[in-house]
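Here the structure comes first, spelled out in C-alpha cells, and everything after it is commentary.
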Amino acid sequence: MTLRDYLDTLKGKRVAVTGIGVSNRPLLKLLLEAGIHVTACDKKDRAALGQLVDDLEKMGCKLCLGPDYLEGLDHDVIFRTPGLHPRFLEAAVARGSAVTSEMEVFFDVCPCPILAVTGSDGKTTTTTIIARLLEAAGYTVHLGGNIGHPLLAEADSIRPTDWAVVELSSFQLLTMKKSPHISVLTNLAPNHLDVHTDMEEYIRAKAAIFAYQSPEDCAVFNLDNEITRKLSQSATGKRFYFTDTSTAPNPCGCFIREEAIWYRDEIGERMVLPLPDILLPGRHNVENYMAAICAVQGLVPDETIRRFARTFGGVEHRIELVRTRRGVRWYNDSIASSPSRTIAGLNAFPEKVILIAGGKDKGVSYSPLGPVVNDHVKLLILCGATEAAIREAVLTAENYKNLEILTASDYPTAVRLADERSGEGDVVLLSPASTSFDRFKNFEERGHVFKDLVNALP
C-alpha cells in the first residue's frame, strides 16, 4: 500500500490527531492537504499554541483545545501522539474509534527496508552511526522517528532501493503491530516509569521492535544486558549479539578482543574496528559501534566503518564537547535523563569530573547512581527537583567518602560554581540523570542553555 492509497482510505472519515507537537505538524499538513476532515486536539490552550492554530484553521482544521481535549472523542480514526499513553484513549476505542500513529502508518506504507533502533540508552547515537555508515556506503537514507524527524509525509519520495533508519521510543512501540526488517535493542534499564504502568509494560513495549519479524529478518541484541539477553530468546528472526567478551555463545555478532571490535559469523572471525579509531569517548560508545556494526553487516565494508569512526564526533547533547577554557573541558550530556545514562557518561572519562546533575523525577531509583558518583566525581553540583534523591543516593552509598556536594538554585549559578572550582586539566560534565521538565521544555533546550552559559564565560 502506498501513502496515497492509505490517504484514500481516510476520505469521508472523521480523523483526530492528538497533540500538535513537532512530530504531528507534518502529519496534520499531509492530512489536510489530502482533503481529510481533521480535528487537532491538544491540552494546551489557544494562547499557548499561538499562530499555529490560526494556520491550521485556515487550512480547514477543527480544534479541540484545553485540559478536556480528550473528552468525547469518537472519531473514526485517531492518531495518537507518542507521549499519550493508549489508556487515555480506551473510552474512544470503546465507542468504535480506531487508534493508530504516524509511525505505524509509515511502517505500512514505506516502500523500502526499515532498520530501527530502540533501548534505554544509546538509541540516538547508534541510529545516527547506522544511518551515516549506510550513507558512506552509497545508500540513500531517510533518518527519522524519535530522533526528531517524522517520515510519513515523505513516504512518496522514498525509493525501494533506499533505507529508512528510525529511532523508536517505548511510547511509539506501545501499539506497534509491525517490526522492521532489521531491529536493534541496545540495552534495557528502568526508564519512563512515570508514564508506563510498570517495568513489565516498558519491557513489552521495547520487545515490539522484533516481536513481529519474519524468520528472514534480523534482530541485534546486547548479550551483556540481562533483560535484552532474555528477550532475545523469543525472537523469530536471525539473531545477532554484541558483547564485551570474546566468548559469546551465539556464533554471530560483535565482541572485543585485543582492543578492537571483531565480528564472528558462520564463516569465521575478522577484526573490524580498532578501538583507538573511535573518536567518541566512553565504553558505551564502543557498545554503540558494536550494535551498529552488527546491523550493517553485508551492507557496509569494514574500511568504510573505520574511516567513519575516525572522524565522527557524535550527536549534539550526548557527551558533546562544548568548549575548552583555561585548560578545563566542558561537556554537554543533557540527553542523560536517567541514572543509567549518567553512569555511562561518568564511565566515559578516566579522570574524576565536576558533575552538574538534577532535574525532574520520572519514577526510577537513583540508588545505582550513588556509588558511581562517589568513584568518578570530585565535586557534585545539584540543581533541580531530584536534588534530594541524588544526594541521598550518594550519601548512603557504601563507598561515600565526604564527596563535596553543592546546591545551585539555577543553571547560571551551577555554571558559575563549576567555573570557580575548576582548574587546568579538569572536566565539567552536565549529565542530569533526570528529565528536563522541571524547568525546560526538553533536553535540547536544557543543553542549549548550558552551552550558552559556558560559551559566555569570559
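The values are calculated or read from the model by the stated rules, or taken from the named source; none is laboratory data. This is a predicted model, so every value here is computed, not measured. Heads up, the Cβs are rebuilt from the backbone with ideal geometry, glycines too, and the neighbour counts pull from every protein chain shown. When the accessible area is computed, the model is the full protein with side chains, heavy atoms only, and any ligands, DNA or RNA have been set aside. Shrake-Rupley method; radii C 1.70, N 1.55, O 1.52, S 1.80 Å.
So that you can scan it fast, the table gives a plain yes or no per residue for (1) touching an Asp or Glu at 6+ places or on another chain (Cβ under 9 Å); (2) at pLDDT 95 or above; (3) among the small types (Gly, Ala, Ser); (4) surrounded by 17 or more Cβ atoms within 10 Å (Cβ to Cβ):
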| position | (1), (2), (3), (4) |
| --- | --- |
| ILE293 | yes, yes, no, yes |
| VAL300 | no, yes, no, yes |
| ARG306 | yes, yes, no, no |
| ALA309 | yes, yes, yes, yes |
| ARG318 | yes, no, no, yes |
| VAL322 | no, no, no, yes |
| SER334 | yes, yes, yes, yes |
| SER338 | yes, no, yes, yes |
| ALA348 | yes, no, yes, yes |
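If LYS230 passes every condition in (1) closer than 28 Å to ILE261 by Cα; (2) within 21 Å of the chain's Cα centre (by Cα); (3) among the basic types (Lys, Arg); (4) open to solvent by 20 Å² or more (accessible area, probe 1.4 Å) but one, which one does it miss?
(2)
Quick one: which of ASP42, ASP55 is of a type in the set (D, E, K, R), free of Cβ contacts under 8 Å to residues at least 40 places away in the same chain and touching a Leu at 6+ places or on another chain (Cβ under 7 Å)? Walk me through it before giving the result.
On the way: ASP55 fails: touching a Leu at 6+ places or on another chain (Cβ under 7 Å).
ASP42 is the lone residue from the list that is of a type in the set (D, E, K, R), free of Cβ contacts under 8 Å to residues at least 40 places away in the same chain and touching a Leu at 6+ places or on another chain (Cβ under 7 Å).
Could you list, in sequence order, the residues of segment 140-157 that are open to solvent by 10 Å² or more (accessible area, probe 1.4 Å) and on the phi < 0 side of the Ramachandran plot?
Residues satisfying the conditions are THR140, VAL141, HIS142, LEU143, ASN146, ILE147, HIS149, PRO150, ALA153, GLU154, ASP156, SER157.
Only one residue in ALA92, ALA47 is more than 23 Å from SER169 (Cα to Cα), open to solvent by 60 Å² or more (accessible area, probe 1.4 Å) and not hydroxyl-bearing (Ser, Thr, Tyr). Which one?
Details: ALA92 fails: open to solvent by 60 Å² or more (accessible area, probe 1.4 Å).
Of ALA92, ALA47, the one residue that is more than 23 Å from SER169 (Cα to Cα), open to solvent by 60 Å² or more (accessible area, probe 1.4 Å) and not hydroxyl-bearing (Ser, Thr, Tyr) is ALA47.
Give segment 56-84 a look and list any residue that's basic (Lys, Arg), over 17 Å from ARG46 (Cβ atoms) and either in a strand (DSSP E or B) or open to solvent by 30 Å² or more (accessible area, probe 1.4 Å) (or both), or say none. Can you show your working first?
Keep residues of segment 56-84 that are basic (Lys, Arg), which gives 58, 62, 80.
Next cut, over 17 Å from ARG46 (Cβ atoms) only: 80.
Scanning segment 56-84 gives no hits.
Among the residues of segment 327-374, what is the count of those that are of a type in the set (D, E, K, R), in contact with a helix residue (DSSP H, G or I) (Cβ under 7 Å, 6 or more places away or on another chain) and either in a strand (DSSP E or B) or closer than 17 Å to PRO190 by Cβ (or both)? Give the steps one after another, and end with the answer.
Applying the first criterion (of a type in the set (D, E, K, R)) to segment 327-374 yields 329, 333, 341, 351-352, 360-362.
Right, trim to in contact with a helix residue (DSSP H, G or I) (Cβ under 7 Å, 6 or more places away or on another chain) and you get 333, 352, 361.
Now narrow it down to the ones that are either in a strand (DSSP E or B) or closer than 17 Å to PRO190 by Cβ (or both): 361.
Summing the residues that are of a type in the set (D, E, K, R), in contact with a helix residue (DSSP H, G or I) (Cβ under 7 Å, 6 or more places away or on another chain) and either in a strand (DSSP E or B) or closer than 17 Å to PRO190 by Cβ (or both) in segment 327-374 gives 1.
Mind listing just one residue for me: the one in segment 434-458 that is among the basic types (Lys, Arg) and part of a loop (DSSP other than H, G, I, E, B) and, of those, nearest to GLU387 (Cα to Cα)? Step through it out loud before you land on a result.
Of segment 434-458, the ones among the basic types (Lys, Arg) are 439, 441, 446, 451.
Add one more test, that the residue is part of a loop (DSSP other than H, G, I, E, B), and what stays is 439, 441.
Values: ARG439: 14, LYS441: 19 Å.
Going through the qualifying residues, I end up with ARG439.
Answer yes or no: is there a residue in segment 405-422 that is on the phi < 0 side of the Ramachandran plot, at pLDDT below 95, open to solvent by 20 Å² or more (accessible area, probe 1.4 Å) and in a helix (DSSP H, G or I). Working first, answer last.
Going residue by residue through segment 405-422, those that are on the phi < 0 side of the Ramachandran plot are 405-422.
This time we only want the ones that are at pLDDT below 95, so: none.
There is no residue in segment 405-422 that is on the phi < 0 side of the Ramachandran plot, at pLDDT below 95, open to solvent by 20 Å² or more (accessible area, probe 1.4 Å) and in a helix (DSSP H, G or I).
Output yes when any residue across segment 95-117 is without any contact (Cβ under 8 Å) to a residue 40 or more places away in the chain and either in contact with a Cys (Cβ under 8 Å, 6 or more places away or on another chain) or within 30 Å of ALA433 (Cα to Cα) (or both), and no when none is.
Taking every residue of segment 95-117 in turn, none turns out to be without any contact (Cβ under 8 Å) to a residue 40 or more places away in the chain and either in contact with a Cys (Cβ under 8 Å, 6 or more places away or on another chain) or within 30 Å of ALA433 (Cα to Cα) (or both).
Each row is one residue, and each column tells you yes or no for (1) farther than 27 Å from THR197 by Cα; (2) under 22 Å from the mean Cα position of the chain (by Cα).
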| site | (1), (2) |
| --- | --- |
| VAL328 | yes, no |
| ALA344 | no, yes |
| ALA348 | yes, yes |
| ASP410 | yes, no |
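Could you check segment 89-104 and list, in sequence order, the residues that are out of contact with any helix residue (DSSP H, G or I) (no Cβ under 6 Å at 6 or more places or on another chain) and either polar (S, T, N, Q) or assigned to a helix (DSSP H, G or I) (or both)?
Passing the criteria: LEU89, GLU90, ALA91, ALA92, VAL93, ALA94, SER97, THR100, SER101, GLU104.
Condition check: in contact with a Lys or Arg (Cβ under 8 Å, 6 or more places away or on another chain), surrounded by 20 or more Cβ atoms within 10 Å (Cβ to Cβ) and not in a helix (DSSP H, G or I). Does VAL428 satisfy that?
Values: in contact with a Lys or Arg (Cβ under 8 Å, 6 or more places away or on another chain): yes; surrounded by 20 or more Cβ atoms within 10 Å (Cβ to Cβ): yes; not in a helix (DSSP H, G or I): yes.
Considered against the rule, which asks whether it is in contact with a Lys or Arg (Cβ under 8 Å, 6 or more places away or on another chain), surrounded by 20 or more Cβ atoms within 10 Å (Cβ to Cβ) and not in a helix (DSSP H, G or I), VAL428 comes out as yes.
Suppose the filter is in contact with a His (Cβ under 9 Å, 6 or more places away or on another chain), hydroxyl-bearing (Ser, Thr, Tyr) and modelled with pLDDT of 95 or more; does SER232 pass it?
Numbers: in contact with a His (Cβ under 9 Å, 6 or more places away or on another chain): no; hydroxyl-bearing (Ser, Thr, Tyr): yes; modelled with pLDDT of 95 or more: yes.
Judged against the criteria, SER232 is not a match.
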